[in-house]
Amino acid sequence: MTGSDQEPIRDRITVLGEYRVLDTPMEPAFDDITRSAMFALDVPIALISLVDESRQWFKSEQGLACRETPISASVCAHAIRQYEFFEIPDLAVDPRFAQNPLVTAEPFVRFYGGAVLRTSEGIALGTVCVLDRKPRQLSEDQRGFLKGLARQTMALLELRRALRLSLDIVERQAHLMAVAGHDLRQPLGIISNAIATGLSAPNHPSMPRQLGLAQRAVDSLVQQLDGLVTAATSSGSTVETAPVRVSFQMAELFDALGPGWISHAASKGIQLDVVPSSAEVLSDRRLMSSILGNLVGNAIKYTRTGRILIGCRRRRKGLEVCVYDTGVGIAPSHQEAIFSPFKQLNPESEGLGLGLALVKQAALQLQVPLEVSSVLGRGTRFSVQVPYGGQAAD
């Protein structure tokens, strides 16, 4: 039946990785389960087997004296294609297993019975299994007992995953507070210094420059606080606000975002150009503003010299909104990870590492394609494709 027959191997490997159990030491709680199986069913070998990409690895083993075997020698790899239980009364006469090295050499096993370890999402991870050196068949009660041990094993694995997720949340919150305390202090310091200068010498020639620095610091502070609020509300709420789609011209967003970002880029010696556009789109203004603002902010952060270009290109299925930069570029191996919260290519760079995570989140809410292409040392191009508003383009 169903189960792993139709389940991509990659799904199992990905989910198995979430438990962080592979290659961990043996633990009494899991060993109690295999010992119970061995003594209750009167077998010489009992295992908690997890099927990886190229091997079966044993979280607990009794009687086998090894912690893993190649996938080619795995009966469990066949077992997880069943929904609940897999039993072979005599492996030596089954053409699938007659030449298996566990059958033809030590420990010369003949019988296999395994209850599938399946997550609440329906992904099979492995089995709680028993092996014998002689042919046999389990009774219904014995099969039920082994299924019960599989449920206990999954309960332990789920508890392990829940504890890990809780620790991750605590660590992430601690990291967020530490980074926020550091990064928000800088713009506040600039603002405080500008105010102090203004109070002590309101007519001093440096005042326009001080006020300009203060304005950019306020813009940066507002952006980072918006990012914190968005990240907190999205991760803490189980109800996602539906996008409010209306027709509007991209020029409205460009006009709202352009001046502040041009000033910020100029302070770093970077030229920021906004290509005018009369194109009309059907989207959520707030989410599109978040996407565009965070993409431009990210481009400024990782561009040391050169220019940044914001523009649109008409496509048959929608308007492609693009942000180009001549920055450091992104290696292909990092082009998925950059959309994770708090991920920064340069740990010493400014900001909280939330910008691209918010871009990804907004694109998912809008259900629009988000693409990135990059060449190390030459620059990066981000784009989203948004449906046309009003009359669609030809």
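The values are calculated or read from the model by the stated rules, or taken from the named source; none is laboratory data. Please read all numbers here as calculations on a predicted model, not as lab measurements. Cβ coordinates were reconstructed from backbone atoms using ideal geometry, including for glycine residues, and neighbour counts include every protein chain displayed. Please note that ligands, DNA and RNA were not included when accessible areas were found on the heavy atoms of the full protein model with its side chains. Shrake-Rupley method; radii C 1.70, N 1.55, O 1.52, S 1.80 Å.
By accessible area of protein heavy atoms, probe 1.4 Å, what ranking do Glu121, Glu336, Glu68, Glu27 get, highest first?
Most to least solvent-accessible, the answer reads Glu336, Glu121, Glu68, Glu27.
I'd like the Karplus ³J(HN,Hα) series for the range 56-68: coefficients 6.51, -1.76, 1.60, θ = phi - 60°, whole numbers in Hz, and an x wherever there's a Gly or Pro.
With the stated coefficients, the range 56-68 comes to 10, 10, 9, 5, 9, 9, 10, x, 9, 6, 8, 9, 7 Hz.
By average Cβ neighbour count within 10 Å, what is the ranking of 298-305, 17-24, 153-160 from highest down?
Ranking, from highest mean packing down: 298-305, 153-160, 17-24.
At 7 Å along the Cα-to-beta-carbon direction for both Phe108 and Arg164, put a label point, then send me their distance in nm to one decimal.
4.0 nm
Please give the length that would be gained between Val246 and Ile71 if that part of the chain were fully extended, namely 0.36 nm times their separation in residues minus their C-alpha to C-alpha distance (nm, one decimal).
Here the answer is 57.6 nm.
Under a cut-off of 22 Å between alpha-carbon atoms, report the lysines in cross-link reach of Lys268, not counting same-chain residues fewer than 8 places apart.
Within the straight-line cut-off, Lys268 pairs with Lys301.
Sorted by packing (mean other beta-carbon atoms within 10 Å per residue), highest first, where do 91-101, 34-44 land?
Averaged packing, sorted descending, gives the order 34-44, 91-101.
Roughly how many Å² is the accessible area per residue of the range 269-331, as a whole number, for a 1.4 Å probe?
43 Å²
When the Karplus curve 6.51 cos²θ - 1.76 cosθ + 1.60 is applied with θ = phi - 60°, which whole-Hz ³J(HN,Hα) does each residue of the range 15-23 get, with x for Gly and Pro?
Going residue by residue, I get 5, 4, x, 5, 7, 6, 10, 4, 6 Hz, with x marking Gly and Pro.
From largest accessible area down, sort Ser267, Ser49, Ser289, Ser120; use a 1.4 Å probe on the protein chains.
Ser120, Ser267, Ser289, Ser49
For the range 1-154, just say rounded, prolate or oblate: build the C-alpha gyration tensor, square-root its eigenvalues into a ≥ b ≥ c, call rounded for a/c under 1.5, and beyond that prolate if a/b exceeds b/c, oblate if not.
The shape class here is rounded.
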